[in-house]
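Below you'll find the structure, written out as structure tokens, and then a few comments.
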Ligand code: AMP
Ligand code: ZN
């Protein structure tokens, strides 16, 4: 019976892993794959107004802009928030900030200035649990933020 239970536990673990690799698993801080809004934007299932794209990163316009320029820059691979970042995301982070520089120039806000912000969790107002950096510009920004 002991080995039977062990076999059940191992196969349950294997099933979880297979599900996670397939991209349909719910993880801490968000959903991977099918249930994640920005994964759907990345795949094209949800339409977006693309601003710029690299192999690892997509930039698209925010649907509810808070400034004349309001672009979201996201890794194509699912990451729930900045709290889940590790050294394995180093390449994507470099790309993200390079894309921010390109977008700022493309939008004509590079010399006037702009803000890059990412919300983490409830108190910060994170509403989509796929890491995204807001690039806001085209108007003066106040500080501290609300
Ligand atoms: P946050 O509240 O920091 O998680 O930011 C989520 C952002 O995603 C908000 O600014 C929303 O306006 C934006 N948003 C939600 N759905 C879409 C969508 N389908 N396309 C573009 N932006 C979206
Ligand atoms: Zn996602």
Quiz item: Considering 90, 83, which residue is out of contact with any strand residue (DSSP E or B) (no Cβ under 8 Å at 6 or more places or on another chain), without any contact (Cβ under 8 Å) to a residue 60 or more places away in the chain, within 16 Å of ligand 1 (Cβ to nearest atom) and not in a loop (DSSP other than H, G, I, E, B)?
Solution: 83
Exercise. Within the range 52-80, track down each residue that is assigned to a strand (DSSP E or B) and within 14 Å of ligand 1 (Cβ to nearest atom).
Key: 58, 59, 60, 61, 69, 70, 71, 72, 73, 74
Quiz item: If you go through the range 121-133 one residue at a time, how many are under 14 Å from the mean Cα position of the chain (by Cα) and surrounded by fewer than 17 Cβ atoms within 10 Å (Cβ to Cβ)?
Solution: 3
Quiz item: What are the residues in the range 99-125 that are within 16 Å of ligand 2 (Cβ to nearest atom) and in contact with a strand residue (DSSP E or B) (Cβ under 9 Å, 6 or more places away or on another chain), if any?
Solution: 118, 119
Practice problem: Please work out which one of (1) within 16 Å of ligand 1 (Cβ to nearest atom); (2) not in a strand (DSSP E or B) is the condition residue 104 fails and give its number. | Solution: (1)
Quiz item: Pick from the range 51-89 the residues that are over 19 Å from residue 119 (Cα atoms) and touching a helix residue (DSSP H, G or I) at 6+ places or on another chain (Cβ under 9 Å): which of them is nearest to ligand 2 (Cβ to nearest atom)?
Solution: 56
Quiz item: Taking the range 33-49, which residues are under 22 Å from residue 101 (Cα atoms) and loosely packed, with under 13 Cβ neighbours inside 10 Å?
Solution: 49
Exercise. Find the residue count for the range 101-120, including only residues that are under 20 Å from the mean Cα position of the chain (by Cα) and buried (at least 20 other Cβ atoms within 10 Å of the Cβ).
Key: 3
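Do we have any residue at all in the range 25-37 that's modelled with pLDDT of 95 or more, in a helix (DSSP H, G or I), closer than 17 Å to residue 75 by Cα and within 16 Å of ligand 2 (Cβ to nearest atom)?
For the range 25-37, residues modelled with pLDDT of 95 or more, in a helix (DSSP H, G or I), closer than 17 Å to residue 75 by Cα and within 16 Å of ligand 2 (Cβ to nearest atom): present.
Could you check how many residues of the range 117-146 are part of a loop (DSSP other than H, G, I, E, B), touching a helix residue (DSSP H, G or I) at 6+ places or on another chain (Cβ under 8 Å) and at negative phi?
Quick first cut of the range 117-146, residues part of a loop (DSSP other than H, G, I, E, B) only: 118-132, 138-146.
Checking the rest, the ones that are also touching a helix residue (DSSP H, G or I) at 6+ places or on another chain (Cβ under 8 Å) come to 118, 120-121, 128, 130-132, 138.
Going one step further and asking which of them are at negative phi, we end up with 118, 120, 128, 130-132.
Number of matching residues: 6.
The values are calculated or read from the model by the stated rules, or taken from the named source; none is laboratory data. Just so you know, these numbers come straight off a predicted model, no measurement behind them. Positions of Cβ are generated from backbone atoms using ideal geometry, with glycine treated the same way; all protein chains shown enter the neighbour counts.
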